[in-house]
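Worksheet for the structure shown next.
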Amino acid sequence: MLEGKKIMVVEDEALLALDLAMTMEDLGAAVVGPCYRLGAALDLVRKMKVDGAILDVDLNGETVFPLARYLDEQGVPFVFHTGRADPASLLEAFSRARICTKPSTPERLAACLAEALADADRRSDNQNYAPAYAQDGSSESSQQA
C-alpha cells in the first residue's frame, strides 16, 4: 500500500505523530518527520521530495495551509487529519485533498493516504480524471453532480 513511499507526517500532538509515523513505517513507508510545527515542515519539504503527506490542520494555533498549498503546487497528494476544520471549506480550497476526521485509527488514515496516492497516479495517467470525495476520504463516483 505505502511500500517505498516517502510520507511526511505533520502533527503537533507528539504521541499521535509518533503513532502515525510508526504505522507508516510498519506499512513500508519512509517517514519524513514527524514535524510538529509549520516552519519546520516547510523547511524540510523544500529540501527533500515526498510522495505524500498527512497534515493536521491546526498546528498549535497555526494553520497548515501554507504547506498544503506548497504540496498542492508540487502535485504531492495529502490527507488533512483534523477534528476542527470545516470539511467543505477544506475541499473548496484544496479540491484534490482527502480528509480523514479525528478521531481516526492510524490504519484508516493510511488507507485514506493510499487512496490519495492512487488518485494522483490516475490523474497523471488521465488528465480528465476528476474524483469526488466523501468527508472521510473515501471515493465516490468519478462524475460530479
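The values are calculated or read from the model by the stated rules, or taken from the named source; none is laboratory data. Keep in mind that what you see is a predicted model, and the values were worked out from it rather than measured. Heavy atoms of the whole protein, side chains included, go into the accessibility calculation; ligands, DNA and RNA do not. Shrake-Rupley method; radii C 1.70, N 1.55, O 1.52, S 1.80 Å.
Checked against (1) open to solvent by 10 Å² or more (accessible area, probe 1.4 Å); (2) within 20 Å of residue 112 (Cα to Cα), residue 43 passes all but condition (2). Which of the residues belonging to the stretch 9-40 are part of a loop (DSSP other than H, G, I, E, B), among the hydrophobic types (A, V, I, L, M, F, W, C) and open to solvent by less than 40 Å² (accessible area, probe 1.4 Å)? Hit for the stretch 9-40 is 29, nothing else.
Restricting the stretch 94-135 to residues that are among the charged types (D, E, K, R) and open to solvent by less than 20 Å² (accessible area, probe 1.4 Å), the residue that is modelled with the highest pLDDT is 98.
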